[in-house]
Structures are given as C-alpha cells and as structure tokens.
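Shown next, in structure tokens, is the structure this report addresses.
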Amino acid sequence: MKLKNKFYERIMAMLCWSAALSSVLALLFIVGFILVKGLPHIKPSLFSAAYSSDNVSLMPALVSTIIMTFMSILLAVPLGMFAAIYLVEYAGRGTLRANKSVMLIRITAETLSGIPSIVYGLFGLLFFVSFLDWKFSMLAGAFTLAIMILPLIMRSSEEALLAVPDMYREGAFGLGAGKLRTVFRIVLPSAMPGILAGIILATGRIVGETAALVYTAGTVAQIPKNPMQSARTLSVHMYALSGEGLHVNEGYATAVVLLVMVIILNIASAKSAKKLAGGA
Amino acid sequence: MKCFEIEKLNLHYGDFHALKNICMNIEKENITSFIGPSGCGKSSLLKTLNRMNDIAEGCRISGDVKLFGEDVYGDMDVNMLRKRVGMVFQKPNPFPMSVYDNIAFGPRTHGIKSKYELDKIVEKALQDAAIWNELKDRLKKSALGLSGGQQQRLCIARAMAVSPEILLMDEPTSALDPISTGKIEELLLHLKEAYSIIIVTHNMQQAARISDKTAFFLFGQVIEYSETESMFTMPRDKRTEDYITGRFG
Ligand SMILES: Nc1ncnc2c1ncn2[C@@H]1O[C@H](COP(=O)(O)OP(=O)(O)O)[C@@H](O)[C@H]1O
Ligand SMILES: [Mg+2]
C-alpha cells in the first residue's frame, strides 16, 4: 500500500514537471523560431525613416506603436483609475443599494472584458470612424483601444485598492485627514504598484492588437503628423506584410523588434513596480 | 476637570445593542483604562469618542458625548475632533512611507508646510514618544522596516504630532513583546502629565500598573467605574471581583 502511494506520488510529480517543462519549451521554441527566421533579415534599411513598397521600413510602425500606446493609456488610465476609486472608496462602503450598483458596474466591466477585440474594431468603425467622421485615424484607434482596455485597468486598479489594508485608512482618518486626502495621499500610493501592473498588461494588449486597429486607425505606413491621420502599429504592420506575402522575411524581422519591445517593457515594469513598492 | 462627559449613550450595530446606557465622566490629565472580556464594547465606546464609528456599517448612536462641554455629535467638524482626540490602534499601522513622512502626515494635513516647522514637530514628537534616539538616523527609511514595538511607538509619535488633547489607545500593547510593552507603559506614565489618556486593555495588571481610574465593562454596560486602586483591592460588584480574580472572562 505504502509502496503504491509512493509510486503514484512519483508519477504525479513527473506529470507536473513535464507540464512545466513543455510550457517553457513552447515559449522557447516560439522565441527561438522567430529569432532564427527574423534576425538574419534585420538590416539598417528596415529602420529608415520612410516606408516604400521596395523598402518596407518598420520605423513608421515603431513610432506609431509608441504614439498609439501613449494615447490609449492616457485616455483609459485616468478613467479606469477614478472609476475604481469610486467603486472601492466611495460606493462600496455604505448602504446595500450602493453595493448593488457596484455589482452592476462590476458585471458590466467583466462582460466588456470578455468581448473579442474585432467587435471593438467594428464598433470603432461604426461610431468613431463613420458616425463621428474621424475617418481612419490614430484618434479613432486610440479611443477604440482605450475602451477595450478600460475594464482591465478598472479591474486591476480595483483589486489594488482593495488590497490596501483598512488600517491605513483608519490611521489617516484618526489623524483628522478627510476622505479625499486619505484616498490620494495614503491609499492610492499604496495601490500604485498594482495599478501599474494593470497598465503594463494593458500596454501589452495594445502593442499586440491588430483586429481593433485595422478598422479604426487603418493601415497607412507613415509616421502620423497629427492624431487625425491614419497609421499602422507594428502588429498591424506584421499582419499587412504577411498578408501581402511579398515581404514575409521582413515580417519576421518586425516580429523580432516587437519581441524585444515587449521584453524591454516587461523588465521596465518589473523594475518600476519593485522601486515603487520598496520606496513606498 | 473632565475631558469627556458621556450621558445615556446607546450604540447599535444594526439590531445588536452594543453599548447600553453608558454614563461616565472622564478626567483630564489622567490615565483611564477600560477593561472587560472581549466583545463587551470597550472598543466601541472608545471609537465613539472620536467618531471613528461613523464609518462602521449600520452603526447608530444616541445619547450625549461632550468634549470639554462641546457636543461631539453636534456641529463639531469630525476632522477637527479627530485632531483633538488622537487614536492609537491595536495593531501598529504605520503608513508605507518614511518615518519622517509618517510623523509629518498629520501636521501637513492640518496645513503646516514649512520644512523648518515640520522638522521641529517630527523631532519633538519622536522625542516625546521616547524613540528619537533610535530613529534619528533613519528618518528617511521606510517605517515598515521597524520592529513591532518601534512601529507602535512611531504611531504614538504620529498621533502626538498633531498636538491632540486626548489620546485614545485600543489595546496598544497586545501585539507586542514584554520589553516593548514595558517601554510603552513607561511612556504613558510620562505622557499623562500633558495628555489625557484612555486605554483599552486586555491585561488587568497593565490597568492596575498605569491607570488612575478603571472602568469594567460587561455585555455593553459599565458595571463599575472607580479609582483603579480601590477597584483592584475592594471591587464593589461581585462580577468585577469575579473578573479581576480571573474567575470568568
Ligand atoms: N462594525 C461592527 N458591526 C457589527 N458589530 C460590531 C461591529 N464592531 C463591533 N461589533 C460587535 O459589538 C460588540 C462589541 O465589540 P467591541 O466594542 O469591539 O468589543 P471589545 O473591544 O470590548 O472586545 C461585539 O459583539 C462585536 O461583535
Ligand atoms: Mg476591542
């Protein structure tokens, strides 16, 4: 009996170990595959300032990606963060009726976060591009993405705020600090690392998004001169290159750049979260 | 001279009657301790005094609480009240920021901006809490790195930095080791020269050691309220006697 138990234990441990190993291998394989296919095709000309059909430079897309990320984050973060502050610090504490409206908002946000991005793209096309007549533009893209990441920002901010122990709030109230001061000076700084983690996740989604952008920001390969111009992000650029089938190699090279960007982003976020948590 | 006059105070949490018809006066520049088994309403009464119960769900209060003759539940500004009546909690709760910013938070809240003035207040508060020597070289370090006893004394210093008239303490030493507890008791005996202190304690020896007057609570009522010495030597009520001799609670 004892021997049999030991046997099962070893089998289970082996299974878990191989599951862990295969997920790491899958990741390594994808990264390795992209590097092998893409690295040889990274040439200085890929980074020239302008895109032409002969030289499919990724520079405009790189710049557009950064601009698009900033615009969407700038739109979504204040909204999501303040909504979360309202839910956790104001509405959540009090009567049962307030709690019901909080539940409703939460369910709505949850539902929104489950919608496929193509649906957001179509909504953006109908509303921002056509109805508001913003045409294919960075602005239409950024608004669409902002709506798409809003539930994510809200949810993660909410969780970060909920994780702040009540004793900090009591401590501040006990010193005669009002609600506003307590929330903005004590609670929000403590929640910042968690909120930042949500922002980073959202950034990842923006950088990786294609479906919602093709229909809203369009696919013009240029560095936009104003928010009303169309532009493509790196992901959209890759999608376009591989779709055309003429520059598949450059597509892989673009993937390498995208990969490096995401890795840098992750390291930076881990660093800043640590710094915030440690310095706080 | 009385600092608090409590008159026919009743407190309900929803349907639960947590404080029943409390009448008591609390002396100024004195240490008053609240003792009694857990759940008997000591913390509830303490929180009534600086209106920390306002945030508790379903809490209803009737009766009178006066601070130096002023109605606490009347027109008084809650934040001003809490500045005048400071609070130290059971679990040390320093904010996740530097020692200096912890102490300076209160004064900054009440409008003090000058660095010079803040420096002075921080030093004085830490000195009053007998922790200046331990902390003067780590003012810029996070308060979360301090030991539990240091954190609690920091919280006492933080409370004193807004120059309150009264300090409420809810079992301030229950999470601490005997040495830190001793330091804090010593500190309280020193502080009562200038402040009125009301302390909830689980520890009867502590009440006997440091307080001038003691109130014994049971099921939301004050059973006995008298000079500490007479309560511990000649309790008037049988239930008080049972409690302090350890027969129940
Ligand atoms: N916020 C609250 N909501 C509901 N009941 C509470 C609340 N706070 C305390 N109580 C109840 O009131 C009674 C007195 O609590 P408390 O004043 O904390 O007692 P003590 O400090 O003497 O241990 C307890 O039965 C407790 O369960
Ligand atoms: Mg208590």
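The values are calculated or read from the model by the stated rules, or taken from the named source; none is laboratory data. Predicted model only: the values in this text are computed from it and were never measured. Cβ placement follows ideal geometry from the backbone for every residue including glycine, while neighbour counts extend to all protein chains displayed. Please note that ligands, DNA and RNA were not included when accessible areas were found on the heavy atoms of the full protein model with its side chains. Shrake-Rupley method; radii C 1.70, N 1.55, O 1.52, S 1.80 Å.
At a glance:
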| read-out | value |
| --- | --- |
| Residue match in the stretch B:3-24 (condition: within 14 Å of chain A (Cβ to nearest Cβ), within 16 Å of ligand 1 (Cβ to nearest atom) and either out of contact with any Leu (no Cβ under 6 Å at 6 or more places or on another chain) or part of a loop (DSSP other than H, G, I, E, B) (or both)) | yes |
| Scope the stretch B:41-58; condition near ligand 1 (Cβ under 9 Å from one of its atoms) and under 17 Å from the mean Cα position of the chain (by Cα); matching residues | B:GLY41, B:LYS42, B:SER43, B:SER44, B:LEU45, B:LEU46, B:LYS47, B:ASN53 |
| Matching residues in the stretch B:114-127 - criterion: being away from every other protein chain (no Cβ under 14 Å) and open to solvent by 10 Å² or more (accessible area, probe 1.4 Å) | B:SER114, B:LYS115, B:TYR116, B:GLU117, B:ASP119, B:LYS120, B:GLU123, B:LYS124, B:GLN127 |
| Test: residue in the stretch A:8-29 that is outside the structural domain of A:THR144 (by TED's automatic domain parsing) and charged (D, E, K, R) | yes |
| Failed item, numbered, when B:ALA161 is tested on (1) more than 14 Å from every other protein chain (Cβ to nearest Cβ); (2) under 18 Å from the mean Cα position of the chain (by Cα); (3) among the small types (Gly, Ala, Ser) | (1) |
| Selection within the stretch A:152-168 - more than 8 Å from every other protein chain (Cβ to nearest Cβ) and assigned to a helix (DSSP H, G or I) | A:LEU152, A:ILE153, A:MET154, A:ARG155, A:SER156, A:SER157, A:GLU158, A:GLU159, A:ALA160, A:LEU161, A:LEU162, A:ASP166 |
| Residue match in the stretch A:135-148 (condition: of a type in the set (Gly, Ala, Ser), over 29 Å from A:ALA221 (Cα atoms) and under 22 Å from the mean Cα position of the chain (by Cα)) | no |
| From B:ASP71, B:ASP64, residue being touching a residue at least 24 places away in the same chain (Cβ under 8 Å) and touching a strand residue (DSSP E or B) at 6+ places or on another chain (Cβ under 8 Å) | B:ASP64 |
| Residue among B:PRO164, B:PRO172 that is on the phi < 0 side of the Ramachandran plot, within 16 Å of ligand 1 (Cβ to nearest atom) and either outside any helix (DSSP H, G or I) or at pLDDT 95 or above (or both) | B:PRO172 |
| Sole exception among (1) on the phi > 0 side of the Ramachandran plot; (2) in contact with a Lys or Arg (Cβ under 7 Å, 6 or more places away or on another chain) for B:PHE68, by number | (2) |
| Those residues of the stretch B:36-50 which are more than 9 Å from chain A (Cβ to nearest Cβ) and either without any contact (Cβ under 8 Å) to a residue 12 or more places away in the chain or not aliphatic (A, V, I, L, M) (or both), in sequence order | B:GLY36, B:PRO37, B:SER38, B:GLY39, B:CYS40, B:GLY41, B:LYS42, B:SER43, B:SER44, B:LYS47, B:THR48 |
| Any hit, the stretch A:163-170, residues being touching a strand residue (DSSP E or B) at 6+ places or on another chain (Cβ under 9 Å) and not aliphatic (A, V, I, L, M) | yes |
| Matching entry among A:ILE66, A:ILE73 (being within 17 Å of the chain's Cα centre (by Cα), assigned to a helix (DSSP H, G or I) and at pLDDT below 95) | A:ILE66 |
| Test result for B:PHE217, among the aromatic types (Phe, Trp, Tyr) and touching a Lys or Arg at 6+ places or on another chain (Cβ under 6 Å) | yes |
| Any hit, the stretch B:67-84, residues being within 14 Å of another protein chain (Cβ to nearest Cβ), open to solvent by less than 10 Å² (accessible area, probe 1.4 Å) and within 16 Å of ligand 1 (Cβ to nearest atom) | no |
